[in-house]
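Below is one structure, written out as structure tokens, with a few remarks after it.
The values are calculated or read from the model by the stated rules, or taken from the named source; none is laboratory data. Since the structure is predicted, the reported quantities are computational estimates derived from the model, not experimental observations. Every residue, glycine as well, gets a Cβ built from its backbone with ideal geometry; the counts of neighbours run over all protein chains shown. To get the accessible areas, we keep the full protein, side chains included, count just its heavy atoms, and leave off ligands, DNA and RNA. Shrake-Rupley method; radii C 1.70, N 1.55, O 1.52, S 1.80 Å.
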Amino acid sequence: MSMIATLTGTASKRVLPGFGLSLGITLLFVSLVLLLPMTSLVGQLAGLSLAEYWAIITEERVVASYMITIGAAAVAAIVNALFGLLMAWVLVRYEFPGKRLLDALMDLPFALPTAVAGITLATMYSSSGFMGKLLAPLGFEIAYTWVGIALAMAFTSIPFVVRTVQPVLEDLPQEIDEAALTLGASDALAFRRVILPHLWPALVTGTGLAFVRSLGEFGAVIFIAGNMPYETEITALMIFVKLQEYDYVGASAIASVVLAVSLALLLALNLWQGRFIRRLHGGKG
Amino acid sequence: MQRIGDAPRTRRLLIGLAVALSALFLLLPLIAIFAQAFTEGIDVFWNNLSDEYTLAAIGLTLLVTALTIPVNLVFGVFLAWLVTRFEFPGRRLLQTLIDIPFAVSPVVAGLIYLLLYGSSGWVGSWLDGYDIQLMFAWPGIVLVTIFVTCPFVARELIPLMQAQGSREEEAAVTLGASGWTIFRRVTLPNIKWALLYGVILTNARAVGEFGAVSVVSGSIRGETNTLPLHVELLYQDYNTVGAFTAAALLALIALFTLAAKAGLEWRATRREQFR
């Protein structure tokens, strides 16, 4: 099998034209657009001693912003895991009027500019807004609090879990359901013990992507956050504020932390997914 | 055939919950945008829309999008051709690299471009010598927009071209077709819908990018203010209706994107059924 694959692989390399041209254009683009700008961050930080770097990234106000960002992003990701699982299940397993519309609506947060989402949520949930007025008598304050940050992060990352779980659920054969139910399992037990293990990799990937996206979210959050130092200030805003004060070194140091964490998470997700797929295919693939 | 969760009560409960939550968290904000834009009537809406600075913002956003799309279209097609038609060392790495813009926070994306092309950066200071300023001007906005949107076309094309394989193109080669003819006559008809959707996604993101653009723009009214930045500016000025007027325009583009996706998906399933 693998010999045939190698043969056709090398054959197609010889047969189809355009290898040199597409390699050249791709490498030029990747170097100029993706890699060269990243080196500027390294260049900017090279002038710092380790102690100076450490002092900037562990400054009290910055650490507070990490806590707020990570906490809100974690809540947003978990909420989206549950909501996404529900939506994927309902959209795949049931037929009902308006289903196509609901399906299309799931992509709204990716299509809608983040600043638009931001001002809309801030207006709706402020004390004079429609939702704010509804929730204030119940003692819930959302705008300009930590909850508002999580809400905005959750909104912008809704599609991740839905769209990663949906195709996996579609590919599950009906026989699985039947086998579980004829053996006497209840719906809840069958879902937990039979369906969920199949969805697990997709669910974790989707939730992880939602978390990474929420860590970096800026446009949707700043309007509803209130941006009070130590309380509702996210890390992306800290970078932005430092830039406006022309503190490029400080901004770069904090940005390097955000960048390293996001890239490490993305890499970990990729590796974990790869291992899971290999296990499913009995060590191959 | 019996399936999990098919009992009428479970079914009704889950559908009800899904519809209610989606209405509250997705539909309601969408409605709120248009409701806010029209609170003071249609005349005010038109007045806001024909404001000099709003028109300038629309113009700049169109310019940025018009320059971004062709660049990323060409790059996306070449990258997809490269990674789906050839085996070479570093192929996986290249596919991972292209996802970087999705993982990078928009503010960080703006920052790295500012560091490189700003007047203190090494490329920026070199260009300064020739009196070329990229940052806090429209070219900078175009550059970061290209960065932020570069994965979309390739991401739509790669899975499709991988699934289709290269047999048709190889047949065309044996019949003596040139590279350009193969692409135009064999590959393009197979990928045109995915390509179109990739362009629509690029367009949606290019029009709406906020974080990265706000770092490199300088937000000069009428000069370097894109439509999303204009939304922010009006909102900070307590001109809520004006802000939502511009926002409604952006929301319309978002709705068009969703409709286009639904349409293309419908087309794809119908074609499968007829096969």
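Here are the numbers:
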quantity	calculated
Extreme residue, nearest to the chain's Cα centre (by Cα), among residues of segment B:80-93 that are more than 7 Å from chain A (Cβ to nearest Cβ) and crowded, with 17+ Cβ neighbours inside 10 Å	B:A80
Positions within segment B:149-204 being in a loop (DSSP other than H, G, I, E, B) and of a type in the set (S, T, N, Q), in sequence order	B:S166, B:S178
Scan of segment B:213-252 for residues that are within 21 Å of B:T68 (Cα to Cα), open to solvent by 50 Å² or more (accessible area, probe 1.4 Å) and either part of a helix (DSSP H, G or I) or of a type in the set (F, W, Y) (or both), ordered by number	B:L252
Failed item in (1) surrounded by fewer than 24 Cβ atoms within 10 Å (Cβ to Cβ); (2) touching a residue at least 40 places away in the same chain (Cβ under 8 Å); (3) within 12 Å of another protein chain (Cβ to nearest Cβ), with A:F223 passing the rest	(1)
Conditions (1) of a type in the set (S, T, N, Q); (2) within 14 Å of chain B (Cβ to nearest Cβ); (3) surrounded by fewer than 19 Cβ atoms within 10 Å (Cβ to Cβ); number of the one not met by A:S40	(3)
Scan of segment B:96-125 for residues that are closer than 22 Å to A:T156 by Cα and open to solvent by 20 Å² or more (accessible area, probe 1.4 Å), ordered by number	B:D99, B:F102, B:P106
Single residue of segment B:158-167 satisfying the filter (more than 10 Å from chain A (Cβ to nearest Cβ) and touching a Ser or Thr at 6+ places or on another chain (Cβ under 8 Å)) that is most open to solvent (accessible area, probe 1.4 Å)	B:Q162
Tally, over segment A:76-96, of residues that are within 7 Å of chain B (Cβ to nearest Cβ) and not in a helix (DSSP H, G or I)	2
Test: residue in segment B:126-147 that is surrounded by fewer than 23 Cβ atoms within 10 Å (Cβ to Cβ), among the hydroxyl-bearing types (S, T, Y), modelled with pLDDT under 95 and in a loop (DSSP other than H, G, I, E, B)	yes
Helices (runs of 4 or more DSSP H) contained in segment A:120-216 and holding at least 3 residues closer than 22 Å to A:V92 by Cα and open to solvent by less than 40 Å² (accessible area, probe 1.4 Å)	A:158-171, A:174-182, A:196-216
Candidates B:I15, B:I31, B:I42 - the one that is open to solvent by less than 40 Å² (accessible area, probe 1.4 Å) and free of Cβ contacts under 8 Å to residues at least 60 places away in the same chain	B:I15
Members of segment B:32-76 that are within 12 Å of chain A (Cβ to nearest Cβ), within 27 Å of A:L23 (Cα to Cα) and among the small types (G, A, S)	B:G76
Considering residues of segment A:43-74 that are within 27 Å of the chain's Cα centre (by Cα), assigned to a helix (DSSP H, G or I) and among the charged types (D, E, K, R) only, the residue surrounded by the fewest Cβ atoms within 10 Å (Cβ to Cβ)	A:E60
